[in-house]
Structures are given as C-alpha cells and as structure tokens.
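Written out below as structure tokens is the structure these notes cover.
The values are calculated or read from the model by the stated rules, or taken from the named source; none is laboratory data. From a predicted model like this one, the values you see are computed outputs, not experimental measurements. Here the Cβ positions follow ideal geometry from the backbone for every residue, glycine too, while neighbour counts run over all protein chains shown.
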Amino acid sequence: MYKLSWAGGKQVLEKPANALADFLDPPAGAVSLVKQDTVAEDEDTAWSLEAYFQERPDIDVINTLVADHGGLGAGLLEELPDRDWVAYSLEGLGVVRCGRFVLYGIHDADKLPGQKDDIAIRIDANQAFGTGHHPTTAGCLTLLGRFAGWAPKSVLDLGCGSAVLAIAAAKLWSRNILASDIDETSVTIAKENVTLNHVDGQVSLCIAAGFDHPDIAAAAPFDFAFANILAGPLGELAPDMAAHIAKNGRVMLAGMMAEQEAGVLAAYEKVGFRQINRLDHETWPVLLLVRQ
C-alpha cells in the first residue's frame, strides 16, 4: 500500500482531492482531507490531502492531475506497512449533518447530537462511496430531507455505493427501496450498511449496470430515483431513466461538476424532464427533475 500526501489549506486541497477520486484512472482507493492538529493555528498548512493506492501509482500522471486541479506541487510518496489503510483513512472523520440526516461511524457513535427530528445513519469506514463527507452525498441528503412530507410509492437508488441514500429514504418515508450498483464489492458493503441501520426489510439490493436487471424492470415505473454517479454515465442513462420513471416522477442527479451541469441537464430535457429544484454548490450541484 502507498500513500501520497500534500499539505495546504482546506479550500486549496478540495479540488485536487475531488480530481483524485473522480478523474484519476484507476482512482485512488481512498482520498481524505485530514486536519493537522500540530499546525492548526496556520490555516494555510493546517490540512493534509492523503490518497491511498494498492499498487505504486504513476507519480507523473498524479502530479499533472493535481497541478491542473489546484496548482499543487509534487506529493510525498510513502510505502506503508500491511494493514487496511483504506478503512483507516476513513475512520474518525466525524459526525456529518445533512439537513435532518446525521451520518456517523462506529468511532463517533458517542458524539451524536440527538435532536428530536434527527434521522441517524451509521456508515462505517469501508471501500464503498458514500460516507456523507463528499459534497455530492451531503447535497443529495440535504435535498432529500426537504421532501419528508411527500412519500413516493416506488424508489430506486441507482449506483447506490454505500446505500446511504436508500437507507435515508427508507427511514424518512418507511417505504421499500430498490438499490443497485455495478460494483459487486459496493453491493456487499451496502448490504452490511442496510443491516447496521435496521432496514433489511425495506431495502433490496442488486448488482446491475444501469437499468439492466429483472428486479429493476419488475419494480418500474419509479416515482423517485436517485443517481449520484458521474456526469458521463448520468447523460448516457437519460433515455433509460425516462423509460423507467413514472409520469410526474422525480429524479435526483448528482456527481457532475458545475461545468458539466448544462450538458447533463440538456440530455434529460431532451427526453422529457424538467428541472424543478437545484442545490447550489460551487463544484458539485445537485439537480431535481420531474418527468413531464
């Protein structure tokens, strides 16, 4: 296992952190921003960007990527002793509040604020996307929480990762949710998270590329679908999304960067969707659309 790290201010490190997670091929096994307590008084060097790799990464490719997305210099490469560094890098990230949803790991169970209307979701450190620390997940949860009074009959979490959105929807609406992911490891971890959050009887999971699964076909049309993936797949899935969403059904889209938003929206407008809400973020907006 190898670790690459850079020191800097949090805002300076956010864009290269996103680039390492979303644009590096193959992507880093884990990417995290860590507050350095020993230099906390100096905000320009108070944070560390850490990226973990199973195999020795191509340093030249990574240095070019982080330079293009934030102007950072060369990172410090270390070879690490044998342990699960992906999980270790995600431990202790802290409690995350996204509207009424409160996400936590086992290491932070004693730090929950415990307000009356909170919906607590436990997502432990693992290799599936969706701890709530990334702006796309946090944005989806924040927007989702605004629809507590509108309970759709059928819900799909497409590209579910850790299944955090499916779990949130199951707890929010007490509805049965279908969740899918193309990655077998993610689905395995998602099943563990569903059990941890006591929604086994409400959340069903399957391994599927897009909508290609008999369980998805049988459950369609859906009143609400979430897709927190990348801009390319989002655009490609627009026609299939239109074919599987009920009339007046809603779709929440995330994972595209701000400069990719117009292209994704155009793909959905072309097949009959209309934007009805948007959660603003300088880098990672979230769109809510309705099928007309």
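Just a few scattered comments:
- A residue that is acidic (Asp, Glu), under 22 Å from LEU144 (Cβ atoms), touching a residue at least 24 places away in the same chain (Cβ under 8 Å) and surrounded by fewer than 17 Cβ atoms within 10 Å (Cβ to Cβ) can be found somewhere in the stretch 268-290.
- A search for C-beta distances below 9 Å between a residue of the stretch 145-168 that is in the same structural domain as VAL203 (by TED's automatic domain parsing) and among the aromatic types (Phe, Trp, Tyr) and any residue that is at pLDDT 90 or above and part of a helix (DSSP H, G or I), counting only pairs 6+ apart in sequence or on different chains, returns PHE147/LEU172; PHE147/TRP173; TRP150/TRP173.
- Single condition GLY255 does not satisfy, out of (1) modelled with pLDDT under 95; (2) touching a strand residue (DSSP E or B) at 6+ places or on another chain (Cβ under 8 Å); (3) on the phi < 0 side of the Ramachandran plot: (3)
- Boolean, ILE216 is buried (at least 19 other Cβ atoms within 10 Å of the Cβ) and farther than 23 Å from ILE119 by Cβ: yes
- The numbered conditions (1) polar (S, T, N, Q); (2) modelled with pLDDT of 95 or more; (3) on the phi < 0 side of the Ramachandran plot are all true for GLN292 except (2).
- Test: residue in the stretch 266-277 that is assigned to a loop (DSSP other than H, G, I, E, B), assigned by TED's automatic domain parsing to the domain that holds LEU178, at pLDDT 95 or above and touching a Phe, Trp or Tyr at 6+ places or on another chain (Cβ under 8 Å): no
- Any pair with Cβ under 7 angstrom, 6 or more apart, that starts in the stretch 208-223 at a residue that is not assigned by TED's automatic domain parsing to the domain that holds PRO239 and ends at one that is crowded, with 17+ Cβ neighbours inside 10 Å: none
- If you filter the stretch 146-192 down to residues that are more than 16 Å from the chain's Cα centre (by Cα), of a type outside the set (Lys, Arg) and assigned to a helix (DSSP H, G or I), you find that the one that is surrounded by the most Cβ atoms within 10 Å (Cβ to Cβ) is ALA170.
- The single condition among (1) free of Cβ contacts under 8 Å to residues at least 24 places away in the same chain; (2) in a helix (DSSP H, G or I); (3) under 27 Å from ILE119 (Cα atoms) that HIS198 does not satisfy is (2).
- Counting only strands (runs of 3 or more DSSP E) that sit completely within the stretch 47-120, those holding 3 or more residues that are outside the structural domain of HIS281 (by TED's automatic domain parsing), within 16 Å of VAL31 (Cα to Cα) and modelled with pLDDT of 65 or more correspond to 47-53, 76-79.
- Unmet criterion (only one of (1) closer than 19 Å to LEU144 by Cβ; (2) in contact with an Asp or Glu (Cβ under 6 Å, 6 or more places away or on another chain)) for VAL187: (1)
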